[in-house]
């Protein structure tokens, strides 16, 4: 993976597979240059046994081959900057879900650029238009955010978030927020 | 500045098309988006298909969707095209430029781009 946003696209799909109907994706950059990525879902959760094994590349839930590199790659990307990855998960009925957190020192030479996060978010939403996604990217200069429940409130049930025109709108909506924040940061 | 009000305008415009679409024959473009596909560059390929289909005005007959690992990771990014009454076409080792070419020649023109299919590479 060449961009952190590609790892984010990959591991967030685990929340989709876990049957979540709400997924929160957060990126938060602190003043001292540490970036925290969190994905929290209300999916089925993982047993302790599975939680122990998910970072093993030879463990996977996929049926087409025997290797699962998604979480090991994210863990590596985090640890090579001096950060760490943590997973908290519960399978308890009614309160199940998983929260994955990975930290990165953006000042490290081994920090992979975040890359095209807008594309990642739009593709995640269009791939699962019925899931409630909340995306937030927080830095000292401001917050970029998208909450699909706000879009659904306007669009109703008959227009899917997967429609290419809606995807194009979401992409522009996010890119404008990033541009605005970038200009603000320059001041 | 993009606003939610603008989204309402898009909705109004689209509502007419949705009713039209229900009867139309559907072509499905399926992009493999598991770890293997993403690492090989499937995200820009998917974006190019969505953008190309949108710009070519094909949204009423072509849908672009995502799937997991197709099982031929060494050929990623892999895209399968399903057309009603026709055999499935599997394109392999794609990039955004090849995707744009497939939109133009295959989805718009009806001609398979044989050189990018799995048969040409194997």
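What follows draws every value from the coordinates through simple rules; no lab data is involved. Please read all numbers here as calculations on a predicted model, not as lab measurements. A quick note on method: Cβ atoms are made from the backbone with ideal geometry, for glycine too, and the neighbour counts reach across all protein chains shown.
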Fill in: Hits in segment A:1-26 (condition: in a strand (DSSP E or B) and either free of Cβ contacts under 8 Å to residues at least 24 places away in the same chain or touching a helix residue (DSSP H, G or I) at 6+ places or on another chain (Cβ under 7 Å) (or both))
A:23, A:25
Worksheet entry | Failed item, numbered, when residue A:89 is tested on (1) surrounded by 15 or more Cβ atoms within 10 Å (Cβ to Cβ); (2) in a helix (DSSP H, G or I); (3) more than 14 Å from chain B (Cβ to nearest Cβ) | (2)
Worksheet item: Filtering segment A:137-153 down to residues that are at the interface with chain B (Cβ under 9 Å from one of its Cβ atoms) and exposed (fewer than 15 other Cβ atoms within 10 Å of the Cβ), which residue is nearest to residue A:116 (Cα to Cα)?
Response: A:150
Practice prompt. Exactly one condition in (1) without any contact (Cβ under 8 Å) to a residue 60 or more places away in the chain; (2) within 14 Å of chain B (Cβ to nearest Cβ); (3) more than 30 Å from residue A:31 (Cα to Cα) is not met by residue A:96; state its number.
Written response: (2)
Fill in: Residues of segment A:27-60 satisfying the condition of being surrounded by 13 or more Cβ atoms within 10 Å (Cβ to Cβ) and part of a loop (DSSP other than H, G, I, E, B)
A:30, A:42, A:43, A:44, A:45, A:46, A:54, A:55, A:57, A:59, A:60
Worksheet item: Looking at segment B:30-48, which of the residues that are within 12 Å of the chain's Cα centre (by Cα) and within 7 Å of another protein chain (Cβ to nearest Cβ) is surrounded by the fewest Cβ atoms within 10 Å (Cβ to Cβ)?
Response: B:47
Worksheet item: So residue A:183 fits all but one of (1) assigned to a helix (DSSP H, G or I); (2) more than 9 Å from chain B (Cβ to nearest Cβ); (3) touching a residue at least 12 places away in the same chain (Cβ under 8 Å); what number is the exception?
Response: (3)
Discussion item. Please determine whether any residue of segment B:51-63 is facing chain A (nearest Cβ under 9 Å) and buried (at least 21 other Cβ atoms within 10 Å of the Cβ).
Written reply: yes
Discussion item. Suppose we filter segment A:167-180 for residues that are within 7 Å of chain B (Cβ to nearest Cβ) and either crowded, with 19+ Cβ neighbours inside 10 Å or out of contact with any helix residue (DSSP H, G or I) (no Cβ under 8 Å at 6 or more places or on another chain) (or both); how many remain?
Written reply: 5
Discussion item. Which numbered condition in (1) buried (at least 17 other Cβ atoms within 10 Å of the Cβ); (2) facing chain B (nearest Cβ under 9 Å); (3) in a loop (DSSP other than H, G, I, E, B) is the only one that residue A:119 fails?
Written reply: (3)
